[in-house]
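The values are calculated or read from the model by the stated rules, or taken from the named source; none is laboratory data. Computed from a predicted model, the values in this text were never measured in an experiment. Positions of Cβ are generated from backbone atoms using ideal geometry, with glycine treated the same way; all protein chains shown enter the neighbour counts.
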């Protein structure tokens, strides 16, 4: 039976370990020198979503593999030969001492600039272009050039929109009047011949006010298809997002687009050219060059990496079901699923349920075996009763069988008792270990400080006694000793009282009872008292303490918990925030509003990286386990603030600069508890 229990326990442990590994992830940050240099020349300006997305796509591939330098031509605002000559001179001067491994251009203006001046400014440098369609590519490209085409599929977007809005009767096409806009309109006009039942309208020579007036009269029987539009007939320049917001906010018609920069600002979506995926593909081609391939050997990617992308909120607005969308569609602005939002809780719950199922199976097996034993005992008893009635001459033989059966039953019962004792003792040891560990952790600091104070007091007393015996004791020395002895005695008494309170609190926790007294006290004076009680520890360091805040902040709460929280935070700073004997500073700032008190605790030490910052309040989590850390300190602080004091605590940190804990608690906890009681 004991072997069965041990095997079952081993199985349960393996299951829990497997589930823990499933839920645990970690990353290893490596620091290495980036040896490759890549220059990105954008046709347009920073802040334009299309351009920013291209840069983001490039960085997603090359961020950890190259130094990326970014330039912007701002061609939406100025684009003429005189400006290009000035840029040539600026780039020639700016980069005369730089040698780039690869240059990436986004959109046609930057490619045309490099086609004309690239060999002069950056001789023998490989070039990767993106965001350019076949019509816009210069006839004479520089040597060592490859890239990715950008094309929009107007027909696919028309088919998509019509499949989702089958009652549509007309199409309104919005495009500006530049060369690209004219080419796009010509393509739409050619496609319109395929749709005899639809009327097509075009907006190319109108001001934005005129466009607003036109779209405001449209209903859902008209589909708006936005191509590229950044400048109206009055030469007003608009961002793509502004165009989408203006159109969508002034019409009831469904609004589709051929570029992704309209999505999220009013467009339902479509089969769109994406700046991010253009940049991503350009980054992949660049990576091949950086890894040794020749640009001439890398073919130009003619198929634009377009994607089906839709705005979740717009899908809901027009009652479009996700199952009606094309396969592999990307949906943005969608709230996370229940599992995505509560993944940790779900996994823990599933793990616990698996554990319970295993325990239930074990108990069912145990019950089944007990019933089998009981059934066997009944059978044997009946056999003995029958033998006693009918076969007196075989009493001795059957008595022996009965004795053997009783021995078997006794052995089984003894085994059950042994198992029961084993389980009880195991549970007691586990509970005792948790309690003792908690007590040891919580009283270690106050007893340590009290011991330090007592040692200091004994040493001073010995020196005074020695001087008294030698008649060399001076009055000033005696007064100094009495003053020091009084202060140290107060410190020892304060911390021993705190240790006593901690032990009493843990004793109450052990029997599932906890009582505490609410008090009204001056917060700043109390914080100063806590800092004073930690003087023996602080004086070993070069860390200064500043307490800031008004002198008249009164608060009604549990003062012991405030002391507990501040002590843990300060000791945490001493242990983790600074190296030994490193100079540092801790600031505690107090503030009060009518109903809340805010305590800001800030040190300027090592700080906490983003990976660890997310876990600091988890029990058992510590980065100093090899130095004696248990991982309970900040977990206890979190529980005290949120459970006992009914407040909130957050931690902000920048590695190498600072760590700040912001506690917000009720100014009158008694009033809060009274309100809940009345409810």
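Overview of values
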{"item": "Top-ranked residue in the range 252-265 [being in a loop (DSSP other than H, G, I, E, B) and touching a strand residue (DSSP E or B) at 6+ places or on another chain (Cβ under 7 Å); ranked as farthest from residue 52 (Cα to Cα)]", "result": "253"}
{"item": "Residue 555, sole failed condition from (1) more than 20 Å from residue 491 (Cβ to Cβ); (2) modelled with pLDDT of 90 or more; (3) crowded, with 16+ Cβ neighbours inside 10 Å; (4) under 27 Å from the mean Cα position of the chain (by Cα)", "result": "(4)"}
{"item": "The one condition in (1) exposed (fewer than 15 other Cβ atoms within 10 Å of the Cβ); (2) within 43 Å of the chain's Cα centre (by Cα); (3) part of a loop (DSSP other than H, G, I, E, B) that residue 163 fails to fulfil", "result": "(3)"}
{"item": "Residue match in the range 208-220 (condition: at negative phi, out of contact with any helix residue (DSSP H, G or I) (no Cβ under 8 Å at 6 or more places or on another chain) and either buried (at least 21 other Cβ atoms within 10 Å of the Cβ) or assigned by TED's automatic domain parsing to the domain that holds residue 133 (or both))", "result": "no"}
{"item": "Qualifying positions in the range 77-96 - in a loop (DSSP other than H, G, I, E, B) and either outside the structural domain of residue 125 (by TED's automatic domain parsing) or farther than 24 Å from residue 238 by Cα (or both)", "result": "95, 96"}
{"item": "Close pairs from the range 599-623: first in the same structural domain as residue 654 (by TED's automatic domain parsing) and on the phi > 0 side of the Ramachandran plot, partner modelled with pLDDT of 90 or more and not in a loop (DSSP other than H, G, I, E, B), Cβ under 8 Å, at least 6 apart", "result": "607/653; 607/654; 607/658; 607/659"}
{"item": "Residues of the range 307-331 that turn out to be outside any helix (DSSP H, G or I) and either loosely packed, with under 14 Cβ neighbours inside 10 Å or over 30 Å from the mean Cα position of the chain (by Cα) (or both), as a count", "result": "8"}
{"item": "Among the candidates 228, 233, 257, 199, residue that is in the same structural domain as residue 187 (by TED's automatic domain parsing), farther than 25 Å from residue 316 by Cα and at pLDDT 90 or above", "result": "199"}
{"item": "Yes/no for residue 267 being touching a residue at least 24 places away in the same chain (Cβ under 8 Å), surrounded by 14 or more Cβ atoms within 10 Å (Cβ to Cβ) and on the phi < 0 side of the Ramachandran plot", "result": "yes"}
{"item": "Odd one out for residue 280, checked against (1) part of a loop (DSSP other than H, G, I, E, B); (2) within 29 Å of the chain's Cα centre (by Cα); (3) surrounded by 13 or more Cβ atoms within 10 Å (Cβ to Cβ)", "result": "(1)"}
{"item": "Filter pass, residue 188 being surrounded by 17 or more Cβ atoms within 10 Å (Cβ to Cβ), closer than 17 Å to residue 253 by Cα and in contact with a helix residue (DSSP H, G or I) (Cβ under 9 Å, 6 or more places away or on another chain)", "result": "no"}
{"item": "Condition check for residue 587: more than 30 Å from residue 675 (Cβ to Cβ) and surrounded by 14 or more Cβ atoms within 10 Å (Cβ to Cβ)", "result": "yes"}
{"item": "Residues (surrounded by fewer than 20 Cβ atoms within 10 Å (Cβ to Cβ), in a helix (DSSP H, G or I) and over 19 Å from the mean Cα position of the chain (by Cα)) located in the range 629-668", "result": "636, 639, 642, 643, 644"}
{"item": "Residue in the range 83-100 that is closer than 27 Å to residue 272 by Cβ and in contact with a helix residue (DSSP H, G or I) (Cβ under 9 Å, 6 or more places away or on another chain) present", "result": "no"}
{"item": "Long-range neighbours under 6 Å by Cβ, at least six apart or interchain, first residue free of Cβ contacts under 8 Å to residues at least 40 places away in the same chain within the range 227-245, second in a loop (DSSP other than H, G, I, E, B) and surrounded by fewer than 17 Cβ atoms within 10 Å (Cβ to Cβ)", "result": "234/207"}
{"item": "Test: residue 147 is outside any helix (DSSP H, G or I) and touching a residue at least 12 places away in the same chain (Cβ under 8 Å)", "result": "yes"}
